[in-house]
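Below: the structure, in structure tokens.
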Amino acid sequence: PLAPFPLLTGFISDADTKFGTNVDRDSLSVREYMINVPVISAYMYAYGKVFKLPYMKAERIIIESNHADKYRFHPNRDSYEESWKMENAISYEAVFKKSVAGKDRMNRIIKDLDNKLNLFSSIEKRLVDCWIVINGKGKGSIVHENGQPIKDFVFMADLDPNIPPIVNESTIHLKVQVKAWSSFDDLRMLLIASGYDLKKEKREIDVFVLRD
């Protein structure tokens, strides 16, 4: 049965973690739901349908709370993720008229989560440690006709959760050889060979902020 109003509960036993949308053509309604999801994941799901977000790695998520352990699982601190989810995951559902656009539904869900969880969430500009791709001093020692455009290369590299956000500030359009790398120095040498360079600096970037 559909909930007559937005419903927020905790962990539901014997239910898988999932997000979804159900369209009821008979009643012309749309049900948005999340089951057994961490609070951060619930917000990321909604914000990701409102804004074009980069990969939201740890450096792009800022929790300003005295209870931060409730919102993000830490393998080195928490013994088992499933046990942590049983204590901290939430389940949520809301029903909207079919005429309400997807982004509007998600904006309403964000506001409702803020109210029900007594939190404040936002996408803000914050100063964060980053790796910055810039123009190199030379033309590069290797020309890669079949390499990857720098925009695509940076996008893929930024998907690594173990490194800081990567920001592309280069203004040239040389291709980069797709090759394995495992450190800042490895990546820098790869970029230098293609006519770019890499440095570590702070930049103001979009981050998700959650505060009490």
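Quick notes on this structure:
- For beta carbons closer than 6 Å, sequence separation of 6+ or different chains, a first residue in the range 58-79 that is at pLDDT 85 or above and a second that is assigned to a loop (DSSP other than H, G, I, E, B) and open to solvent by less than 40 Å² (accessible area, probe 1.4 Å), the qualifying pairs are Glu59/Pro164; Glu59/Pro165; Ile63/Tyr71.
- Boolean, Asp197 is open to solvent by 40 Å² or more (accessible area, probe 1.4 Å) and acidic (Asp, Glu): no
- Meets criteria (open to solvent by 80 Å² or more (accessible area, probe 1.4 Å) and either in contact with a Pro (Cβ under 8 Å, 6 or more places away or on another chain) or of a type in the set (D, E, K, R) (or both)) for Asp206: no
- Residue tally, condition crowded, with 19+ Cβ neighbours inside 10 Å and under 13 Å from Val133 (Cβ atoms), over the range 171-187: 3
A quick yes/no check of all residues on (1) free of Cβ contacts under 8 Å to residues at least 40 places away in the same chain; (2) touching a Leu at 6+ places or on another chain (Cβ under 9 Å); (3) charged (D, E, K, R):
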residue	(1), (2), (3)
Phe19	yes, no, no
Asp26	yes, no, yes
Asn36	no, no, no
Ala42	no, yes, no
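- Against the test of being under 18 Å from Lys97 (Cα atoms) and of a type in the set (Lys, Arg), the options Arg31, Arg60 yield a single qualifying residue, Arg31.
Okay, residues lined up against (1) open to solvent by 30 Å² or more (accessible area, probe 1.4 Å); (2) within 30 Å of Tyr196 (Cβ to Cβ); (3) over 20 Å from the mean Cα position of the chain (by Cα):
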| site | (1), (2), (3) |
| --- | --- |
| Met86 | yes, no, yes |
| Val95 | yes, no, yes |
| Lys98 | yes, no, yes |
| Ile109 | no, no, no |
| Asn115 | yes, no, yes |
| Ser122 | no, no, no |
| Asp129 | yes, yes, no |
| Ile132 | no, yes, no |
| Gly136 | no, yes, yes |
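The values are calculated or read from the model by the stated rules, or taken from the named source; none is laboratory data. Keep in mind that this is a model prediction, so the values were computed, not measured. Here Cβ is always computed from backbone atoms with ideal geometry, including for glycine, and neighbour counts include all displayed protein chains. Note: areas computed on protein heavy atoms with side chains; ligands, DNA, RNA excluded. Shrake-Rupley method; radii C 1.70, N 1.55, O 1.52, S 1.80 Å.
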